[in-house]
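Have a look at the structure below before the remarks.
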Amino acid sequence: MDTPPWPPHQDSAASGDPAGSHPPQTPPPLTQGPGTPPEPVTYRLRFTGYGDEYFRIYFVNVLLTLITFGFYVPWARVRTRQYFYANTWLDGHPFEYLAKPRAILRGYLIVVAAALAHDLAGNYDPIYALVLTGVFFLIFPWIIYKTLRFKARYAAWRNIRFRFLGKLGGAYRVFFWLLLVMPFTLFLLVPYWSKKRMEYAFSNLALGDARPRFTGRTSFYYILTLKVALMMAAIISIPIFAVAATMYFTEGYKTHTPTSTILLNGTFILIMLGLYVLITSYTFARNMKYCLEHTKLGEIGFHCSIGVGKLIQIQLTNIFAIIFSFGLLAPWAKVRRARYILESVAIESPVDLETLAAVADSEVTPIGDAASEFLDLDFGF
Amino acid sequence: MERFMIRFSAQYFDGLTSAVHEAEVEATDEGLLVLHTADTVQSFPLHECSIAPPLGRTPRSIELPGGAKLITNDNDAVTALETRLRQNRGLRLVRRLEEKWAYVLGCLAAMVFVVWLFIEFGIPVAASWIAFRAPQTLRENMSAQVLQTLDKVYFSPSTLELSRRTQLHEKFTDMAEEITQKPDKLYALEFRSAKKMGANALALPSGIIILTDELVHLAENDQEILAVLAHEIGHVENQHGLRMVIEKAGVVFIISVLLGDITSTSTLAGVLPTVLVQSRYSRKFETEADTFAAQYLIHKGLGTAPLQQMLLKLSGAHSDPSSELLSTHPQTQKRIQHLQSFEMQTEPGRVLKNFDDRD
C-alpha cells in the first residue's frame, strides 16, 4: 500500500500572508520589542479526500446497513464522519471525530423506536400522532442542545477537544419561545431568529481554552432575507409567465399530447429546481462567510472565500450527476462539495497554534447525536 | 523464541496542550508501549491502548491511557500491532472490503441483489405476515378515518332508490357469506354518489366496500356489479390495504438507506424510484384481486365475462394512462387477457374444490 503524502505541505504562496510565512516551527514570541505587534499567520484548510476512495467506503456502508437491517448505521455514520474529519487538515494536522459507534447505537435505537411509534400511533388514531408531535416540539431544543454538545466534544484537533459552552436555557429561548412567538409576528422575526440560531452555535463553540466570540448583527440577516425575497420574486415570475403563456396557446390544456405535457411539466420542474439550488446556495454561502468572518476563537480569526456562483455550479452538476447515474456518483458529489467548502476557509492567528490548552468537560450522552442524524438536523456545515 | 518488536515514528499529543512532540515508539514482548520523545521516555501497558480502526488513507491514531494520543503514518506497523492485540477485527475486515475495487464491485453486485431480494420477496413477505396478524380494531380505525376524508372530499350521499340499494345489498351479503363461509359481520356495503371520481368501487381494510352510483348506472346488469364487488372483496380477504401501507414504508426505508449518506440532493433523486416500486406493488394487488374475483365467478358458473365487460366500460369512462410504469393499475387490455387465460386454464370442477378448501 503506497504511503500517502503526510503531513501535507503548507504552501506559503497560497497563504496570502504578506509577511511571507513558512510552516512555523518557532512561534513568534508573544512579547516582542515595543512597537512590533505579532504577525498573524494564515493557514488554509486542506481536504485530502478522494471520490473513488469515499465511493468504496460509502457503498460498503450501504451494503452492510442493508444486510444488518439497519444495525450497522452507527458504524457507517461514524466512519463517514471520521473520513471527512480526518481528511481535513490544518497546519499539517488532521481533525478527528472521536465518537464510538457502540455508544451511538443505544441513542439511535431509541430514536428509531420513537419514530416507529409515531408512525404506528398515527395510523391507529391521529390524536396520538398529534400528541407525539407536540412532545417532539417540546424536546426539540433539548435535542439541539445535546447535538451541539456532542458534536463539539467528539471533535478534536491535535488531541484538543472542542467544547460547546451554550446552556439549555439558551436553546429553549431560541428554539422554543422565539418559534412560539413567530406566527404572531407574521414571521417578520425570521431573520432575527436566524441570527439568534447562528449566535447560539458560534458564540459557544470553544477549542480547548480558546474562547469564542460572535459579532454578527441582525441587520445582515434582514438584508439577506430581503435580497433572497427579491431574487425569488424575479425568478419565479418566469415559470408563472411560461405556464400562463402555454395555457393561452394550448387553450387550457385541451390540445395537449403526452409529449407536450412531459415537456411542460419537465421544464417547470427544472426551473423550480434551479430556483431552489440558487436560493439555498446563495443563503448558505453568504451565511457561512458572514458567520465565519464574525467569529473569533480566542485570538484566532477566520476568512472565507466561498463564492455563490461556484457553489451553485457544483450543486447543480452534482444533482444531475446523481440522478443520471442512479445515485452511483453521489460519493463523488459529496467529496467535491466538501472540498470546495472546506478549502474556502482560512484561519488567521497571531499566536502559535501550539499554545491551545485543553479544558476538562463533563460527560455527554449520545442520544442527541442519534436524533440529529436520524432527523438530518445540521447547522449547515 | 523470536523476539517480538514493532517500531515506528509518530507524533505525540499529550492532550493538555496542542503542542506536537516527535516520538519513536516501540511495542515490546513484555506488553508495553514505550515512547521516546526528545526529553522523556514513557511506557504504557499495551492492552490499555486503544487503536482507532483503519479508514481509507487517513493517518492512524492510538489512544493512550490518560488521554494522550499518538498519530502516525505507518499503517503497516499499526496494523501489525492491531493484529497482535486482536483489536478492530471486524472493522479491519470492512476496510479490506473497501480497499480493493474488485471487492467493492462485488459489494455493488451483492447490494443490487440484496435490494432486489428485499423488493421482490423480503418486503412483500414481511408485509403480508404483519398484515394478516394486525388487530381488527386497527383496520377499523384506519378505515373509519379514510372514509371520513373521502366523504369530505369526493363523496355525497347516494341518489339510488332505497329498493335498489337494498336489493344490491342483499346480493352482496350473500356473496360475502359464501366467500368467507362465516355470517357476514365483517363486510359492509356503502353507497355513495361521486361526481368527482366517477364510476368506481373502493375496498377499505376493515371490510367496508364503497360503491359509487355512477358505477351502478354504468353496469348493464347486476352480475357486472357483483363481479366488481367480488374483486373488492378480494382486496379485503388478501389484506391489500394494510400490506400496501407496510410495503410503502419498507420501500421508503430501502431507498433512504441507499441514498442516506448524502443529504438534500438525495430526497429529489429518491422520489422517482419510490413511486415506480410502489406502483408495481399496487399493480400486483390488482391482479391478485382480479384472480380472486375470477375464481368466484367461475365457481358460480358465470365465467369472467361480466368482469371483463365491466373493465371495458370503466376504461371507456376513464382514459387509460399511456404508460403503465407509473400507473397503479395494470392496463385494461392486460387485465382482460389475464382473466381470459385464467378462465381457459381453470376447470370449473377444480375451482369448486379450491374454493371450498379455503377457510
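Read-outs throughout are calculated quantities, based only on the coordinates presented, and are distinct from any laboratory measurement. All values derive from a computational prediction rather than experimental measurement. So basically every Cβ, Gly included, is an ideal-geometry build from the backbone, and we count neighbours across all protein chains shown.
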Q. Among A:Gly92, A:Tyr172, A:Leu64, which residue has its Cα positioned farthest towards the positive end of the charge dipole of region A:47-186, with +1 placed on the Cβ of Lys and Arg, -1 on the Cβ of Asp and Glu, and the dipole taken about the Cα centre?
A. A:Gly92
Q: Once you have a ≥ b ≥ c as the square roots of the Cα gyration tensor eigenvalues for region A:42-198, tell me rounded if a/c is under 1.5, and otherwise prolate or oblate according to whether a/b is larger than b/c.
A: oblate
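Calculate the all-directions average of the projected area of region B:31-98's alpha-carbon convex hull, and give it in nm².
Details: hull surface 18.9 nm².
Result: a mean projected hull area of 4.7 nm².
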Q: Just rank B:Lys313, B:Lys69, A:Lys167, fewest to most, by other beta-carbon atoms within 10 angstrom.
A: A:Lys167, B:Lys313, B:Lys69
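When each pair of different Cα atoms in region B:1-46 is counted once in the 1/r mean, what is the Kirkwood radius in angstroms, to one decimal?
Kirkwood hydrodynamic radius for region B:1-46: 11.3 Å.
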Q) To the nearest 20 debye, what is the magnitude of the charge dipole of region B:41-196 about its Cα centre, counting +1 on the Cβ of each Lys and Arg and -1 on the Cβ of each Asp and Glu? A) 320 debye
**Q.** Charge dipole of region A:279-345 about the Cα centre (unit charges at C-beta), most positive-ward option of A:Ser325, A:Cys291, A:Val345
**A.** A:Ser325
Q) Against the longest alpha carbon principal axis of chain B, how many degrees, from 0 to 90 and to the nearest 10, is the axis of helix B:240-259 turned? A) 30 degrees
Q. What are the lysines whose alpha-carbon lies under 24 Å from the alpha-carbon of A:Lys151, with same-chain residues fewer than 8 places away excluded?
A. A:Lys100, A:Lys167, A:Lys195, A:Lys196, A:Lys289, A:Lys296, A:Lys334, B:Lys69
Q: Using +1 at the Cβ of each Lys and Arg and -1 at the Cβ of each Asp and Glu in region B:76-163, identify which of B:Leu162, B:Leu85, B:Ser143 lies farthest towards the dipole's positive end.
A: B:Leu85
Q: Evaluate the distance, in nm, between pseudo-label points positioned 7 Å from the Cα of A:His118 and of A:Leu130 along their respective Cα→Cβ axes.
A: 1.7 nm
Q: Rounded to the nearest 10 degrees, what's the angle between the helix B:348-357 long axis and the longest principal axis of chain B, both from Cα atoms, 0 to 90?
A: 60 degrees
Q.
Given an 8 Å cut-off on Cα distances and at least 6 residues of separation, report the relative contact order of region B:121-225 as a percent.
A. 26 percent
Q. Taking the Cα centre of region B:141-233 as origin and charging only Cβ (+1 Lys, Arg; -1 Asp, Glu), how large is the dipole, in debye to the nearest 20?
A. 420 debye
Q) Where does the charge balance sit around A:Arg173 when Lys and Arg score +1, Asp and Glu -1, over other residues with C-beta under 14 Å from its C-beta? A) +3
Q: On a 0 to 90° scale, report how tilted helix B:123-133 is relative to the longest principal axis of chain B, with both axes built from alpha carbons and the result rounded to the nearest 10.
A: 60 degrees
Q: Quick one: net charge around B:His21, please, counting Lys, Arg +1 and Asp, Glu -1 for every other residue with C-beta under 10 Å from its C-beta.
A: -3
Q) So how far, in whole Å, is the C-alpha centre of region A:274-313 from the one of region B:98-126? A) 39 Å
Q) What spacing in nm lies between the two simple spin-label points modelled at B:Thr166 and B:Leu105, each 7 Å away from Cα in the Cβ direction? A) 7.5 nm
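Calculate the translational D of region B:48-151 in whole µm² s⁻¹ from Stokes-Einstein, where the hydrodynamic radius comes from the Kirkwood formula applied to all Cα pairs, the temperature is 20 °C and the viscosity 1.002 mPa s.
Translational diffusion coefficient: 115 µm²/s.
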Q: Go ahead and run the numbers for FRET between B:Ser156 and A:Thr215, Cβ-Cβ distance against an R0 of 51 Å, rounding to 0.05.
A: 0.20
Q) So how strong a dipole does region B:65-130 carry about its Cα centre when Lys and Arg Cβ are +1 and Asp and Glu Cβ are -1, to the nearest 20 debye? A) 280 debye
Q) How much net charge surrounds B:His240 when only the other residues with a Cβ under 13 Å from the Cβ of B:His240 are counted, with Lys and Arg +1 and Asp and Glu -1? A) -1
Q | Spin-label pair B:Ala249/B:Asp39, simplified geometry with 7 Å Cα→Cβ offset, distance in nm | A | 6.3 nm
